[in-house]
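Below is one structure, written out as structure tokens; the observations come after it.
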Amino acid sequence: MDLLERNIKTETEETRKEQERKEEEAEAEAEAGERKTQEPPQQGQGLSLSLANGSGRSGMLPMSNVSANPSQLTIFYGGSVCVYDSVPPEKAQAIMLIAAAAAAAAATKSSAAPTVKPPMVPAATVAPAAVVSPVLTRSPSLQSTSVATGQPQVVAEPSSICKLQADLPIARRHSLQRFLEKRRDRVVSKAPYSTAKSSDGMESPRIEVTAEGKAQ
Amino acid sequence: MGGEVPEPRRLSRSLSFGCGGVPEEALHLVLGYVDDPRDREAASLVCRRWHRIDALSRKHVTVGFCYAVEPARLLARFRRLESLALKGRPRAAMYGLIPEDFGAYAAPWVAELAAPLDCLKALHLRRMTVTDEDIAVLVRARGHMLQVLKLDKCSGFSTDALRLVARSCRSLRTLFLEECIIADEGSEWLHELAVNNSVLVTLNFYMTELKVEPADLELLARNCKSLISLKMSDCDLSDLIGFLQTSKALQEFAGGAFFEVGEYTKYEKVKLPPRLCFLGGLTFMGKNEMPVIFPYSASLKKLDLQYTFLTTEDHCQLIAKCPNLLVLEVRNVIGDRGLEVVADTCKKLRRLRIERGDDDPGQEEQGGVSQIGLTAVAVGCRELEYIAAYVSDITNGALESIGTFCKNMYDFRLVLLDKQNKITDLPLDNGVRALLRSCTKLRRFALYLRPGGLSDAGLGYVGQYSGNIQYMLLGNVGESDNGLIRFAMGCANLRKLELRGCCFSERALAVAVLQMPSLRYVWVQGYRASQTGRDLMLMARPYWNIEFVPPRPESACRVMADGQPCVDTHAQVLAYYSLAGRRPDCPRWLVTLHPA
């Protein structure tokens, strides 16, 4: 309780820094607090946005005018409550959209159940920040993991949909295709290769797409 | 209709004002200020006199498809053209989906137009078959006048033709050969160009595989002080040090390659021209070679990294130094993290292309682009006018973000790659609707998904909110014929449509075509095709050509539960308006359909 109170009382300057960092990390659920000027579209909003409703609400939020009064932004995350003053409505909406995208990715990650690598915890100068930062600094790792799982080698099931998909592959532009073929030749001939970290094995390159194209 | 009745009378009265009406010279001058082709088209319909004056004052014409009109007809109407652009093979040819012997020959056009068009000084051919003889005819007739020659993704000619151009076209300011397939008979053509031309501004033989001599490039730089843009085939950057030092005025350069990676000392002497703002090629550039361009990062406006060896981290490091980028082209190895750096750094970005990298087993690159990167870019780069992205994952929210923040979006293309099994948020109906409703300036739209990516309702939204979109490419969208019909009912302004891998019947395709009033060109591959194209005849009408690639014989016996044919991946339909009637040069594998 004492910790929560200290967070709420954070000074404006620290609030601004916190806000900028949060924007960059894009890992939060956000709620627009009470506005000094009450606007009808905002009255129906609940106190917090759940994960399930995040995308929908983000999409439905009205775009306020730039001239609208900045208001208070309250973020609930990981048991902490952060309050920011003087947040323009447009920026608040941007934060919520980024959070929705990241939340969706996090949902994907949790369903895939990969192992999360523990990130390094950066040293913090302020005590409240130190308490918050271990949770927040997982964001880059989450994104990294999410991106890593973005390209899994999943064996396609022999259902009709996958079959249709496999029959008509996404085509690639000639010039890019030629570059990738040269790149494969180069990777093979230059093994072991220091710069290209992505080259793991020395498997022979496949030219399925090219063959498919010629078969047309 | 009734409201238009008074208009002609008013015009008539106005035209009869004064002695003999509006002077012809005045009308000529006024029409000279009308540039939009559609406005021109409308003006030429006012009366016979306006039609004639438009024809005389028209300087540029683009023929969207070379079989839509005969050369003689074009010549009869526009005798004073200065610039002509012709498009040939369907766009799908860029992806190897159209056989090489499709046609689209430049010969009839060159033979008919090169000599009589006295004012012609700019010619632009795209995806056409051009022979050495065609170029010879052109050079003999117009060599002394030609200022711009663009052969864009053309094939069929050799460097012998280029030698002829270099020797005879001394007023040439632009020679554009990007992504052409050119038979390389030696590099003398470049030497001849350097010796004979002193006014060249743009030289582009990017992605052509032609061999060049660095000494010829240095000679070109010395003789053509006006050279602003050079995009060339790959040549080791260490061999171009002399050229780059000589080219003081150069602003655009692409094609330098790093063949000896790991040996930075070879490249550290490279100094780029002081005014350089476009950089591309950089083939095989890796982390160790990036410092070559660090001193110029802040001034770069266009950067093409599609052919580099950079990792995601390398992309982040490099792009963080480029705050003034207007155009960025990368492979998806940039990853979401790289796109977040783009969003934070490149506030002026207008065009972004994220190509598909290597995804064959064993060659997969790290990275991958998803809704995280797209959302960050949408929020951070609000001046964007063009996005083309191959993504691994996508959500409705990301598309909504683009709709919310990118109000200047003119051209949007999205491909959902098929490697990843589970996509976060399908179907994308609501995201697509939000994007189309918000991006009111959109003119081109491409959406290539997977089955289930867009439902019939979503496809209906695409039509309903198509607004002023003139070109669409749709892949793996919709669930049934109903979706296509609903889509078609909404497309008032669509002129060109490409469909791929959809589950529609021939009948639905025909009905849809008839529903779209502005449609003049449609290409389809992967639909429920019959052996004869029987139901495609439902779209028959005057001036409408229908060409059909039959499905493979083995799929003839495959029938789905409802009795309709299965989706066939080989069958194609090409249908288009044409004043020229049926093609005289159809290859044997292409069947033309027409009423008996």
Set of the range B:459-476 residues, backbone N closer than 13 Å to the point 7 Å along the Cα-Cβ line of residue B:492:
B:464-469
List every residue whose amide H lies under 5 Å from the amide H of residue B:280, counting only residues 5 or more places away in sequence or on a different chain, with H placed 1.01 Å from N in the peptide plane.
B:253, B:254, B:255, B:304
Amide H proximity to residue B:309 below 5 Å, modelled H, separation 5+ or other chain, gives B:284, B:285, B:286
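Rounded, prolate or oblate: which one fits the range B:263-358, using the alpha carbon gyration tensor with axes a ≥ b ≥ c (rounded when a/c is under 1.5, else prolate when a/b beats b/c, else oblate)? Display every interim value, and only then the final one.
Values: a/c = 1.73, a/b = 1.21, b/c = 1.42.
Since a/c reaches 1.5 but b/c is at least a/b, the shape of the range B:263-358 is classed as oblate.
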Fewest to most Cβ atoms within 10 Å: A:83, B:30, A:187 sort as B:30, A:83, A:187
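Just flag the chymotrypsin sites (Phe, Trp or Tyr not before Pro) in the range B:464-522 sitting in loop per DSSP whose Cβ has no more than 16 other Cβ atoms within 10 Å.
Working: sites: B:465, B:471, B:487, B:504, B:521; in loops: B:465, B:504.
The qualifying sites: there are none.
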In nm, what is the difference between 0.36 nm times the number of residues separating residue B:56 and residue B:188 and their Cα-Cα distance?
43.5 nm
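For B:417-430, what's the mean count of beta carbons from other chains sitting within 10 Å of each residue's beta carbon? Working shown, then result.
Working: counts 3, 7, 7, 7, 7, 6, 1, 8, 5, 0, 0, 0, 0, 3.
Mean shielding count: 4.
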For residue B:502, enumerate residues with amide H under 5 Å from its amide H, sequence gap 5+ or separate chain, H modeled in the peptide plane.
B:476
How far apart, in nm, are the 7 Å Cα→Cβ label points at residue B:144 and residue B:441?
4.5 nm
Exceeding the 18 Å Cα-Cα cut-off - candidates B:407/B:496; B:266/B:301; B:231/B:302; B:211/B:269; B:248/B:271:
B:407/B:496; B:266/B:301; B:211/B:269
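Sorted by average packing, counted as other Cβ atoms within 10 angstrom per residue and highest first, what order do B:542-553, B:274-285 take?
On the way: B:542-553: 17.1, B:274-285: 20.5.
Output ranking for B:542-553, B:274-285: B:274-285, B:542-553.
Rounded to the nearest 0.05, what FRET efficiency do residue B:76 and residue B:298 have when you use their Cβ-Cβ distance and R0 = 51 Å? Please list the in-between numbers first.
Working: r = 54 Å, r/R0 = 1.06.
According to the calculation, E is roughly 0.40.
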Peptide A:176-184 - average C-beta neighbours from other chains (10 Å radius)
6
Taking beta carbons within 10 Å but only from partner chains, what does the mean come to for residues B:389-396?
4
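Mind checking the dipole of the range B:85-140: about its Cα centre, +1 per Lys or Arg Cβ, -1 per Asp or Glu Cβ, Debye to the nearest 20? Each step should come with its number before you reach the end.
On the way: 7 positive and 7 negative charges, 73 e Å.
Here the range B:85-140 has a charge dipole of around 360 debye.
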Work out, step by step, the length gained on full extension between residue B:201 and residue B:181: first 0.36 nm times the residue separation, then minus their alpha carbon distance; give nm to one decimal.
4.9 nm
For the range B:224-282 and the range B:508-557, write down the distance between their C-alpha centroids in whole Å.
49 Å
Quick note, the range B:377-450: a/c under 1.5 would make it rounded; otherwise a/b > b/c is prolate and the rest oblate (a ≥ b ≥ c, C-alpha gyration tensor); here it is prolate
How large is ³J(HN,Hα) for each residue in the range B:166-175, as worked out from phi by the Karplus curve 6.51 cos²θ - 1.76 cosθ + 1.60 (θ = phi - 60°), to whole Hz, x for Gly and Pro?
5, 6, 9, 9, 7, 9, 5, 9, 10, 10
Percent antiparallel among DSSP beta bridges confined to chain B, rounded to 5, stands at 20 percent
List, in order, the whole-Hz ³J(HN,Hα) value for each residue of the range B:505-512 obtained from phi through the Karplus relation with A = 6.51, B = -1.76, C = 1.60 and θ = phi - 60°; use x for Gly and Pro.
8, 4, 4, 5, 4, 5, 4, 4
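Working out 0.36 nm times the residue gap between residue B:47 and residue B:408, then minus their Cα-Cα distance, what length gain in nm do you get to one decimal? Spell out each step's value before the answer.
Details: separation 361, 0.36 × 361 = 129.96 nm, distance 3.67 nm.
My answer for the length gained is 126.3 nm.
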Relative contact order (%) - criterion: Cα under 8 Å, at least six apart; region: chain B
6 percent
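Each value in this text was obtained by applying a stated rule to the coordinates, not by laboratory testing. Every value quoted in this text rests on a predicted model; they were computed, and no experiment measured them. Cβ coordinates were reconstructed from backbone atoms using ideal geometry, including for glycine residues, and neighbour counts include every protein chain displayed.
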